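Visitor: Below: one structure in structure tokens.
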Amino acid sequence: MASVKRVGVLTSGGDAPGMNAAIRAVTRRGIDLGLEIVGIRRGFRGLMSGELLPLGIADVGGILDRGGTILQSIRAPEFEEEESQKKALETVERAGLDGLVVIGGNGSLHGAAALHRAGVPTIGVPKTIDNDIYGTDIAIGVDTALNTVVDCISKIRDTAASHQRAFVVETMGRGSGYIALMAGLASGAEAILIPEVEPDLDLVAEAITQGYRRGKRHAIVVVAEGVFKEAARTVGNYIERRLGFEVRMTVLGHLQRGGAPTAFDRILASRLGARAVEELAAGRSGEMVALVGSQLQSLPLSEVLDRPKPIPEELFRLAQVLSK
Ligand code: F6P
């Protein structure tokens, strides 16, 4: 196998705090290994149109603690098509890239696998606030988003308790309830609704009623956006009809994806980014770097893709017991 000299790095899909820390790690560890690093703007779309910028040590200074991604990110569903992949391969050829690091979620890792199959040495780095990538205990961005949600819920709890109000808080998570579950557990929410568990709104109403009977001054229901269409409104309206009092609803939305990454995310992104470029330098391809326990591992993308990541159901039950 030809030795790797010039490596491209791109960020793809919905952004997540810690992406910049990963770009910095790929760049600085790559240069440390004697490689040239090239940033690719706007994910796979920038790879198709050749939007490249060389990255030196100083270019990635001052970004470790910044949310978002200096390379910008995009969802590019067209990258599933062969025609789009051909354009990307032309850029790879023209730019003399002999390796790629793709920092992305499930969809982006499919793109990484396609490039690997087409002969471009490619390593994936898992990022998503949803924590729905199989094979890694946690992805870049999850810890920061979780802390953001927990912080928002404690602020909501202050006002809820002042008015003896019930609140429904909607988190992100189209197909995954991880953030809702963990934030609910960490906040002592009276009820949690996630896509992985059949919703039982009677149980939610009962938990609220019992809580007030025991003397609680507030009720917080956390619902992941994927549970119902207009999840917060649907749950809030139900509770209002059923219990006969006003409910306030808060949709946290994209603020969950912004902000400075936590120390955990900075360290995770630094480790995964460095490991990804080390893998390329060692001649490996078609893998995703992952955190398993406290150790980094590399797993074949073919074993990771299209596999549902189970949520820790015992924690769902624990949250129900502890929020009494
Ligand atoms: O990053 C994943 C995610 O946060 C999902 O939970 C959410 O549904 C989606 O992104 C929304 O992202 P966008 O508005 O960028 O399409």
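The values are calculated or read from the model by the stated rules, or taken from the named source; none is laboratory data. Just so it is clear, the model here is predicted, and its values are computed rather than measured. Positions of Cβ are generated from backbone atoms using ideal geometry, with glycine treated the same way; all protein chains shown enter the neighbour counts. The accessibility values were calculated without ligands, DNA or RNA, using every heavy atom of the protein model including side chains. Shrake-Rupley method; radii C 1.70, N 1.55, O 1.52, S 1.80 Å.
Visitor: Filtering the range 161-182 down to residues that are open to solvent by less than 20 Å² (accessible area, probe 1.4 Å) and within 13 Å of the ligand (Cβ to nearest atom), which residue is nearest to Ser323 (Cα to Cα)?
Guide: Here the answer is Ala180.
Visitor: If you don't mind, there's one more thing I want to ask. State whether one or more residues within the range 266-284 are modelled with pLDDT of 95 or more and within 16 Å of the ligand (Cβ to nearest atom).
Guide: yes
Visitor: Which of the following residues is within 23 Å of the chain's Cα centre (by Cα), charged (D, E, K, R) and within 16 Å of the ligand (Cβ to nearest atom): Arg66, Arg45?
Guide: Sole residue among the options that is within 23 Å of the chain's Cα centre (by Cα), charged (D, E, K, R) and within 16 Å of the ligand (Cβ to nearest atom): Arg45.
Visitor: Identify the single condition in (1) open to solvent by less than 30 Å² (accessible area, probe 1.4 Å); (2) more than 14 Å from Ala232 (Cα to Cα); (3) not aliphatic (A, V, I, L, M) that Asp158 does not satisfy, given that it satisfies every other one.
Guide: Unmet condition: (1).
Visitor: Out of curiosity, is Ile70 assigned to a loop (DSSP other than H, G, I, E, B) and in contact with a strand residue (DSSP E or B) (Cβ under 9 Å, 6 or more places away or on another chain)?
Guide: yes
Visitor: Consider only pairs whose beta carbons are under 6 Å apart and that are at least six residues apart or on different chains; among these, list those whose first residue lies in the range 1-26 and is within 16 Å of the ligand (Cβ to nearest atom) and whose second residue is part of a strand (DSSP E or B) and of a type in the set (Ser, Thr, Tyr).
Guide: Met19/Thr11
Visitor: Test Val149 against the criterion of being over 8 Å from the mean Cα position of the chain (by Cα) and within 14 Å of the ligand (Cβ to nearest atom), and give yes or no.
Guide: Values: over 8 Å from the mean Cα position of the chain (by Cα): yes; within 14 Å of the ligand (Cβ to nearest atom): yes.
For Val149, the condition - over 8 Å from the mean Cα position of the chain (by Cα) and within 14 Å of the ligand (Cβ to nearest atom) - is met.
Each row is one residue, and each column tells you yes or no for (1) touching an Asp or Glu at 6+ places or on another chain (Cβ under 8 Å); (2) in contact (Cβ under 8 Å) with a residue 60 or more places away in the chain.
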| site | (1), (2) |
| --- | --- |
| Phe167 | no, yes |
| Arg174 | yes, no |
| Glu190 | no, yes |
| Ile194 | no, yes |
| Glu198 | no, no |
| Glu206 | no, no |
| Val227 | no, no |
| Gly236 | no, yes |
| Glu240 | yes, no |
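Visitor: Please enumerate the residues belonging to the range 202-233 that are away from the ligand (no atom under 16 Å from the Cβ) and among the β-branched types (Val, Ile, Thr).
Guide: Once the filter is applied, which keeps residues that are away from the ligand (no atom under 16 Å from the Cβ) and among the β-branched types (Val, Ile, Thr), the range 202-233 yields Val204, Ile208, Thr209, Ile220, Val221.
Visitor: Output yes when any residue across the range 11-24 is surrounded by 20 or more Cβ atoms within 10 Å (Cβ to Cβ) and of a type in the set (Asp, Glu), and no when none is.
Guide: The answer is yes, given that some residue of the range 11-24 is surrounded by 20 or more Cβ atoms within 10 Å (Cβ to Cβ) and of a type in the set (Asp, Glu).
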